[in-house]
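A short reminder: the numbers here are calculations on the coordinates, not readings from a lab. Just so we're clear, the structure is a prediction, and the values are computed from it rather than from any experiment. Cβ: placed from backbone, ideal geometry, glycine included. Neighbour counts: every protein chain shown.
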Amino acid sequence: MPDTLDDLTHALVDAARKAGAGAADAIAMRGQSVIVDMRGGTLEQAERAEGVDIGLRVLVGRRQANVSASDTRPETIAALAERAVAMAREAPEDPFAGLADAAQLSVRRDAAGLDLCDPGPAPAPDALMRMAEEAEAAALGVAGVAQVQSASAAWSRREMHIAASNGFSGGYARSDTSLSCVAIAGTGTGMERDHDADSRVFAADLRDPSEIGRRAGERAAERTGARRPRTGAYPVIFDERVAATLIGHLLSAANGVAVARGSSWLRDRIGTPVLPDELDLLEDPHRPRVSGSRFFDAEGLATVPRAIVEGGSLCGYTLDLASARKLGMTPTGNAARGVSGVPSPATWNVVLTQGEQSRADLLREMGTGLLVTSLIGATINPNTGDYSRGAAGFWVEGGEISHPVNECTIAGSLPDMLRRITPANDARTHLSRVVPSLLVEGLTLAGA
């Protein structure tokens, strides 16, 4: 068995070349995780996992195949490579498949300076249990909370290495510590549920467990007595907790794969307005201590800060090598992959321009309408941007929260909605998607 992930990926590439591949790239991941779930002050589940997974992509001419395994013995690697080459020879030709040219490769081959991995030791299960217990107790201490559905604490560390026959070799490690709490308030058919959670690269940055539990309890208690709102056309504020979904739909439409296959309402829209003129949507893959950061992508290309939207207008698409070749554009260093699939485009860290008003200011500006704190399901037409989602939250009258609401649907045209958003100033800046609460005028609300 190869000693390191570096050795392992090179062994996979070498085996592929010996088996007849014209080119190949490989990814190896080693992970450790500890998860603890508490309920009723007792341990409900404790899980520890460790393992190594490998993935190999081979190219025979313009035909490609991908195989994966969790067995790293030399005989398995050899068999894996032979199987991949045999599969590639039977695959249909893809004129856009291929590795990066050597001149395109990143000179950075690690994550030094990005602070992506907490150097501290793995926490003992007892420490995670105490965190979950503290969150659960805080939630139960909130008036009106009947029970805590779950309080979970988790830690993970993942190492990744990529090597390819074009000469690229690089890797890094990531860590994550998280805590979540789901509280239930009310009784019988009037029960309502809500949650709070936090996840950080460094455990020391995690919010206090009692604060997370208390906020989960307060949110659940605030939702008791929810009823369906009246049907009509109203302004809607997407709370900061869910506002990133709107920007996520924009990012999905700007994904090179969707654009290349013609299933995006942003096709042929580069240079046209998609957000209000004063707003930018920027990607920065080099932010320290943020989960989406990296110096190179899954194809070995350098990542760079870029404007996805600037001055309200779309600047470009999110591209890996294949989608860039198909569209006749330059790749943006946004390829992502796991062990079981070929690269595809993905965004890293994005930041939407924040406004000068608080969420309370937006509520007063809205007057009467819906504050959405939870979204359920999604129907988004990728070609037209027609938007429909189940929602819950709070009804607002005279700029003040009146009562909780549920079982309603909000609908509109996503391109029109995005052009009319007004941002607040309440985004959490440590997240990979920094998006504040957003006010959208004139949506259709289906309720009672």
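For this structure, a couple of remarks:
- Ordering 127-134, 114-121, 429-436 by mean Cβ neighbour count within 10 Å, with the highest value first, yields 127-134, 429-436, 114-121.
- Put a plus charge on the Cβ of each Lys and Arg, a minus charge on the Cβ of each Asp and Glu, and nothing anywhere else: the dipole of segment 223-317 about its Cα centre is then about 680 debye.
- Once C-alpha pairs closer than 8 Å and six or more residues apart are averaged by separation and normalised to the residue number of segment 146-246, the relative contact order reads 23 percent.
- Part-to-part distance (alpha-carbon centres) for segment 245-266 and segment 87-134, which is given in Å: 24
- Label of the coordinate-derived value, log10 I(q)/I(0) by the Debye sum over Cα atoms at q = 0.06, 0.09, 0.13 Å⁻¹, listed as (i) -0.31, -0.69, -1.26; (ii) -0.30, -0.59, -1.16; (iii) -0.47, -0.82, -1.20: (i)
- Pairs of Cα atoms nearer than 8 Å and 6+ residues apart set the relative contact order; for segment 5-99 it is 29 percent.
- Contour excess over end-to-end distance, with Cα ends at SER313 and MET191 and 0.36 nm allotted per residue: 39.5 nm
- Taking a Cβ cut-off of under 13 Å around ALA79, the surrounding Lys, Arg, Asp and Glu residues balance to a net charge of 0, with basic ones at +1 and acidic ones at -1.
- Counting only DSSP H runs of at least 4 residues, each contributing -39500 (n - 2.57), and dividing by the residue count of the chain, the helix-based mean residue ellipticity at 222 nm comes to -7000 deg cm²/dmol.
- Binned Cα-Cα distances of segment 188-338, short to long, each 10 Å bin given as a whole percent: 9, 26, 28, 22, 14, 1
- Simple point charges give the picture: +1 on the Cβ of Lys and Arg, -1 on the Cβ of Asp and Glu, and for segment 20-115 a dipole about the Cα centre of about 200 debye.
- When Rg and the Kirkwood radius Rh are both evaluated on Cα atoms of segment 301-448, their ratio Rg/Rh stands at 1.03.
- From phi via Karplus (6.51, -1.76, 1.60), per-residue ³J(HN,Hα) for segment 188-200 in Hz, x at Gly/Pro: x, 6, x, 5, 10, 10, 7, 8, 8, 7, 8, 9, 9
- With 0.36 nm allotted per residue and the present C-alpha distance subtracted, the SER68-GLN147 stretch has 24.2 nm of extension available.
- Remark: segment 133-142, residue by residue, has Karplus-estimated 3J(HN,Hα) of 4, 5, 5, 4, 4, 5, 5, 5, x, 7 Hz, where x stands for each Gly or Pro and the curve is 6.51 cos²θ - 1.76 cosθ + 1.60 at θ = phi - 60°.
- Cα gyration tensor, segment 273-341 - rounded (a/c under 1.5), prolate or oblate: oblate
- Using a simple spin-label model with pseudo-atoms 7 Å out from Cα toward Cβ, GLU278 and VAL304 lie 3.1 nm apart.
- Taking the Cα centre of segment 103-179 as origin and assigning +1 to Lys and Arg Cβ atoms and -1 to Asp and Glu Cβ atoms, the resulting dipole is close to 400 debye.
- Global form of segment 324-381, assessed from the alpha-carbon gyration tensor, a/c cut-off 1.5: prolate
- Cα centroid of segment 39-69 to Cα centroid of segment 282-356, whole Å: 23
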